[in-house]
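Written below as structure tokens is the structure these notes are about.
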Amino acid sequence: MKQHLQPVHIMLDNETLSTHPNAHIVQTGLVHFCPETFEVLGRKVISMDAKSQPGAHIDVGTVYFWFKQLWETQQAVFIQDEELTVPIQRGCADLYRFIIDSCRRVWQEDDTPTVNDLHHSVNIWAKPAHFDIPQWENAFRYAGIQLPWHYRKVNCVQSHINRATAKGFQLKSVPQLPGVHQPLNDCYHQISILKAIAEFERT
């Protein structure tokens with residue numbers, strides 16, 4: 001393992017066809033951000049094709065939920081250029097590549113990080129962590145690819161909200177971005193929440 005590697009922070013948000021830990025993933029937003037300034041350092045959207053995903057669950061109620069969303073949201077998440085969608089196995093590889101590129105950006109080097117490097121340095125975030133993260137853990141398991149993060153480095157935005165709310169933080173003070181249920185916008189919103197909590201706790 002390389003010595004004194006700076007932490008790398010990735011916000012992740014999924015849109016799925018189920019609320020189960022092994023949900024079928026339709027689209028994922030990834031945002032690499034600085035935990036001190038909350039500046040966005042990199043971003044990516046991964047859209048999966050319509051093929052079945054090994055070990056994944058589809059729920060009729062969740063499908064119906066999508067039918068009730070704004071047409072613009074349905075179009076952004078589901079109506080994709082076939083050339084821009086990938087099988088879930090390729091999605092795992094693309095997510096892994098995004099994390100490696102984020103590490104190289106922070107560490108300012110071209111060497112490919114080892115899995116050990118990633119497990120010591122990559123902090124993965126979601127809201128809540130127990131929803132989005134296990135869905136990718138399931139996908140990586142079936143793809144036969146080792147996770148690029150360690151379970152000790154999983155962070156939950158909702159837990160931060162709960163602790164701050166108990167001290168008087170008002171979640172409504174963080175404006176909701178347009179495009180709810182579009183994963184990249186949801187990632188930006190979740191980073192804005194972390195920033196607002198940090199500012200609240202400094203006062």
When ranked by the protection proxy of mean other Cβ atoms within 10 Å per residue, highest first, what sequence do the peptides 185-192, 33-40 form?
185-192, 33-40
Would you mind computing, in nm to one decimal, how far apart the modelled labels at E137 and K195 are, each placed 7 Å from Cα along Cα→Cβ?
3.0
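Quantify, in whole percent, the carbon and sulfur part of the accessible surface of the chain (1.4 Å probe; protein heavy atoms only).
Values: 5640 of 10800 Å².
Using a 1.4 Å probe with all protein chains present, the chain comes out at 52 percent carbon and sulfur.
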Please list the non-local residues whose amide H lies under 5 Å from the amide H of N123, H modeled 1.01 Å from N, same-chain partners needing a gap of 5 or more.
V8, H9, I10
Whole-number accessible area per residue in Å² for the chain, which is evaluated in the context of all protein chains at 1.4 Å:
53
Would you calculate, for the chain, the mean residue ellipticity at 222 nm contributed by helices, counting each DSSP H stretch of 4 or more residues as -39,500 (n - 2.57) and dividing by all residues, to the nearest 500?
-13500 deg cm²/dmol
Please turn the phi angles of segment 184-191 into ³J(HN,Hα) values with the Karplus equation 6.51 cos²θ - 1.76 cosθ + 1.60 (θ = phi - 60°), one per residue in order, whole Hz, x for glycine and proline.
5, 5, 5, 4, 4, 4, 5, 5
Sorted by chain and then number, the residues having a modelled amide H within less than 5 Å of the amide H of T16, at least 5 places away or on another chain, are V26
Per residue of segment 12-29, what does 6.51 cos²θ - 1.76 cosθ + 1.60 with θ = phi - 60° give for ³J(HN,Hα)? Whole Hz please, x for Gly and Pro, Karplus curve as stated.
10, 9, 10, 10, 9, 10, 6, 9, 7, x, 10, 4, 5, 8, 8, 8, 9, x
Residue by residue through segment 31-36, which ³J(HN,Hα) values in whole Hz follow from phi under the Karplus form 6.51 cos²θ - 1.76 cosθ + 1.60 (θ = phi - 60°), with glycine and proline marked x?
10, 8, 9, 8, x, 8
Rg (one decimal) and Dmax (whole number) from the Cα set of segment 103-195, in Å, equal 15.7, 45
Residue separation between R163 and R43 times 0.36 nm, minus their alpha-carbon distance, gives in nm 40.4 nm
With +1 on the Cβ of every Lys and Arg and -1 on the Cβ of every Asp and Glu, and nothing else charged, how large is the dipole of segment 74-203 about its Cα centre, in debye rounded to the nearest 20?
720
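Could you order peptides 8-19, 122-133 by the average number of other Cβ atoms within 10 Å of their residues, highest first? Can you show the working numbers first?
Working: 8-19: 23.0, 122-133: 20.4.
Highest to lowest by the protection proxy: 8-19, 122-133.
The values are calculated or read from the model by the stated rules, or taken from the named source; none is laboratory data. Worth saying up front: this structure is predicted, and the values here are computed from it rather than measured. So basically every Cβ, Gly included, is an ideal-geometry build from the backbone, and we count neighbours across all protein chains shown. Just the protein is used for accessible areas: all its heavy atoms, side chains included, with ligands, DNA and RNA removed. Shrake-Rupley method; radii C 1.70, N 1.55, O 1.52, S 1.80 Å.
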